[in-house]
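Asks: Got a structure for you, questions after.
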Amino acid sequence: MGKTRDLGRKGEDLALSFLEKRGYKLLERNFNTRWGEIDIVVCKNGVLHLVEVRTVSRGGLLDPREALTRKKQDHLWRTVEIYLQRSGWHGDYAVDFLAIEWDENDPQIELFENALEGYWG
């Protein structure tokens, strides 16, 4: 496994732990379509949360929030639509973005709820 993929996996594991500590229940990980992937699908209080996780090394050149580009939003929205259709979900849902700046000793996590609210492609 490559260094970037290792960091991404660590970030997703940390993100899931972060969410579960806040009462979210895991439904699925790494839902893939030809348009992209939803990293984590969780539910809390009857609301489905489809979570995009982006992890970067602390002190690096990238800010994890910069990863949610217009193109990524387009692909994520299509992937969300496919997930909702395939799962048969008809309730409330949110597309969330979880940004992680990785540091072995003190990773920084920021959750942006409803990251695509008002976004329609």
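Asks: Scan (1) in contact with a strand residue (DSSP E or B) (Cβ under 8 Å, 6 or more places away or on another chain); (2) more than 14 Å from Ala115 (Cβ to Cβ); (3) modelled with pLDDT under 95 for the single condition Gly60 breaks and write down its number.
Replies: Of the numbered conditions (1) in contact with a strand residue (DSSP E or B) (Cβ under 8 Å, 6 or more places away or on another chain); (2) more than 14 Å from Ala115 (Cβ to Cβ); (3) modelled with pLDDT under 95, the odd one out for Gly60 is (1).
Table: residues versus (1) β-branched (Val, Ile, Thr); (2) surrounded by fewer than 19 Cβ atoms within 10 Å (Cβ to Cβ); (3) farther than 14 Å from Val95 by Cβ.
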residue: Arg9; (1), (2), (3): no, yes, yes
residue: Leu16; (1), (2), (3): no, no, yes
residue: Glu20; (1), (2), (3): no, yes, yes
residue: Lys25; (1), (2), (3): no, yes, yes
residue: Arg29; (1), (2), (3): no, yes, yes
residue: Trp35; (1), (2), (3): no, yes, no
residue: Ile40; (1), (2), (3): yes, no, no
residue: Asn45; (1), (2), (3): no, yes, yes
residue: Leu50; (1), (2), (3): no, no, no
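The values are calculated or read from the model by the stated rules, or taken from the named source; none is laboratory data. Since the structure is predicted, the reported quantities are computational estimates derived from the model, not experimental observations. Positions of Cβ are generated from backbone atoms using ideal geometry, with glycine treated the same way; all protein chains shown enter the neighbour counts.
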